[in-house]
């Protein structure tokens, strides 16, 4: 029998680990299975004594298109009621970079599309390197889930009015806009995101690791504080159970314009 294809690939060389999303035929869209494999790979990195830093990237045409709508959002009412709010506290995806002991830095090297959940993941990383022309979007806004968690993570990075705009409109924005807003650390030429991230990683791993890790710990604490406060305030909303969410998801799957929305 052929080996099962890994949804997340892990390798390490010269103190730098590479964690690659490997569902390219679906633009690395997240399912529960992919989330579990990514959590396992990040835990492996945290415990890997030969790794001081990780580059998180995606194989194929995109970093990730976010949640797999067919598998994660087109569910019946009972299944949705059993599921966790994807924007809320305790959802496995929200905890991916928080279940660590050693506070090693992670650089997101992104290209193609960075949408919805994938944008949240990139913003949780310590640094972001983006290929020119990369497109970002808070897809939770047009789906009816609200862009408040992304808003918090963008605000924590100092994105100010830009965070307000993209969270409320849910529009696409480019790597160049993200760089201007202070979200992206470095822009990379086409097909060079991983290479530029590797150059940045090499600069970091020259330093004594404990000092780097303490900086990561403090940075992540401050970044997550606002996101956690927002999560507490919105915990009871359950927007994934609303009529408007169901309509928005069905419209996306059917490739039609959604609405009219009912505000319920």
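Every read-out reported here was derived from the displayed coordinates using simple, explicitly stated rules and does not represent laboratory data. All figures in this text were calculated on a predicted structure; none of them were measured in a lab. In this analysis, Cβ positions are derived from the backbone assuming ideal geometry, glycine residues included, and neighbour counts consider all displayed protein chains.
Observations
- Contact order, relative form, for the chain: 18 percent (alpha carbon pairs under 8 Å, 6 or more residues apart, mean separation divided by residue count).
- Inter-label distance, residue 98 to residue 261: 2.6 nm, where each label sits 7 Å from its Cα along the C-beta direction.
- Point-to-point label distance, residue 203-residue 250, nm (Cα→Cβ direction, 7 Å offset): 5.1
- Residue exposure sequence - 104, 155 - by fewest surrounding Cβ within 10 Å: 155, 104
- Gyration tensor (alpha-carbon) shape descriptor, the stretch 173-264, a/c threshold 1.5: oblate
- Among 100, 33, the ranking by other beta carbons within 10 Å of each residue's beta carbon, starting with the fewest, stands as 33, 100.
- Contact order relative to length of the stretch 101-239, as percent, for alpha carbon pairs under 8 angstrom and 6 or more apart: 30
- Counting every other Cβ atom within 10 Å of each residue's Cβ, 226, 119, 200 order from fewest to most as 226, 200, 119.
- Distance (nanometres) between label positions extended 7 Å along Cα→Cβ at residue 210 and residue 172: 4.8
- Bins of 10 Å from zero: percent of alpha-carbon pairs in the chain: 7, 31, 38, 19, 5, 0
- Taking 0.36 nm per residue of separation and subtracting the Cα-Cα distance, full extension of the segment from residue 61 to residue 132 would add 24.2 nm.
- One chain, two ends: residue 232 and residue 43. Fully extended at 0.36 nm per residue, the span grows by 65.4 nm beyond their Cα-Cα distance.
- Between helix 32-47 and the chain: long-axis angle, C-alpha atoms, 0 to 90°, nearest 10: 20
- The simple Förster model, with R0 at 22 Å and r as the Cβ-Cβ distance, assigns residue 222 and residue 161 a FRET efficiency of 0.60.
- Rounded tilt (10° steps) of 243-254 against the dominant C-alpha axis of the chain: 70
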